[in-house]
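Beneath this line is the structure, given in structure tokens, with notes to follow.
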Amino acid sequence: MKKYYNAYEERYKKIHEEGLLWASKNPTPELINWIDYYNISIDDDICEIGCGEGRDALYLAEHGYKLTGIDISEEAIRKCGELSKERKVHVNWIVSDALYLNKKLNRQYDWIYSVGTLHMLVEDKDRQQFLKTINSLLKPRGKFLLINMGNGEVERKSDVSKAFELQERNHTISGKTFEVAGTSYRAINWENHKKELEDAGFIIEKMLNTRNEEYFKCMTVYLTKD
Ligand SMILES: C[S@@+](CC[C@H](N)C(=O)[O-])C[C@H]1O[C@@H](n2cnc3c(N)ncnc32)[C@H](O)[C@@H]1O
């Protein structure tokens, strides 16, 4: 059965057929700040969950980091492979549902980050499974950076039965409008976000309201495995 949180697959196919990328090629500023904050060495392995078209993983690989980039969308990972060839960098790209990832990855990381992916998971049980799986993929005291859309005040859930329905959406980079899969979205307030993170076994080091060009208002959290 198709998972509602894999609706991006359809959006990527449509946009890639047009010769475009859905996201920009710019890296996420909050990610660069996190790398600087912990002074992460280029000798360490970093894992990205929900890498999409790879803008962050490719940027870090170009700066000498060793990356594993994981996404549920086959089309996203196909495009990542193409882009890493073009940009002459190596990234270990993997197609996998992050909720079931520990069956696929036989190792743990010191550093994991995820940008704009948890906000696609609407159901509490899916969010908890996502967070617990990531927790299990971290080494003891490993660090996790989580960035999602939201202002920390509003609570909202999209209708997951409509995730694959086509909607008119503006493609920011080309300025054109396309009919693409609506996908899914959950906005959560800080109180509930904090609870779900602690329930999944994380210590919260920092909680920040940030803003970037890709998602506008974001909730950014620095986490450590408890
Ligand atoms: C909004 S996009 C963000 C992509 C990228 N991180 C960025 O910011 O450009 C969300 C991504 O999460 C992926 N995704 C959603 N649910 C997932 C899951 N359960 N496991 C792995 N990837 C998932 C989608 O396929 C999509 O590529």
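The values are calculated or read from the model by the stated rules, or taken from the named source; none is laboratory data. All figures in this text were calculated on a predicted structure; none of them were measured in a lab. Glycine gets a Cβ as well: all are built from the backbone with ideal geometry, and neighbour counts include every protein chain shown. Only protein heavy atoms, including side chains, enter the accessible area calculation; ligands, DNA and RNA are left aside. Shrake-Rupley method; radii C 1.70, N 1.55, O 1.52, S 1.80 Å.
Structure above, values below:
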| item | result |
| --- | --- |
| Global form of region 158-212, assessed from the alpha-carbon gyration tensor, a/c cut-off 1.5 | oblate |
| Sulfur and carbon atoms: percent of accessible area, region 8-145 [1.4 Å] | 47 percent |
| Approximate spin-label separation ARG211-LYS85, in nm, with each point projected 7 Å along Cα-to-Cβ | 4.1 nm |
| Evaluated over region 9-60, the Cα radius of gyration and Dmax, each in Å | 13.6, 39 |
| Accessible solvent surface per residue of the chain, calculated while the other protein chains remain in place, 1.4 angstrom probe, Å² | 49 Å² |
| Normalised convex hull volume, region 66-135, alpha-carbon set, Å³ per residue | 95 Å³ |
| Net lengthening on full extension, MET1/ARG78 (0.36 nm per residue, minus Cα-Cα) | 25.6 nm |
| Of LYS2/LYS125; LYS125/LYS194; LYS13/LYS225; LYS103/LYS143, pairs whose Cα-Cα distance is over 24 Å | LYS13/LYS225 |
| Long-range tail of P(r) for the chain (Cα pairs > 24 Å, %) | 40 percent |
| Cα centroid of region 28-94 to Cα centroid of region 194-226, whole Å | 20 Å |
| Cβ-Cβ FRET estimate between LEU105 and THR177, R0 fixed at 41 Å, reported to 0.05 | 0.60 |
| Contact order relative to length of region 105-226, as percent, for alpha carbon pairs under 8 angstrom and 6 or more apart | 31 percent |
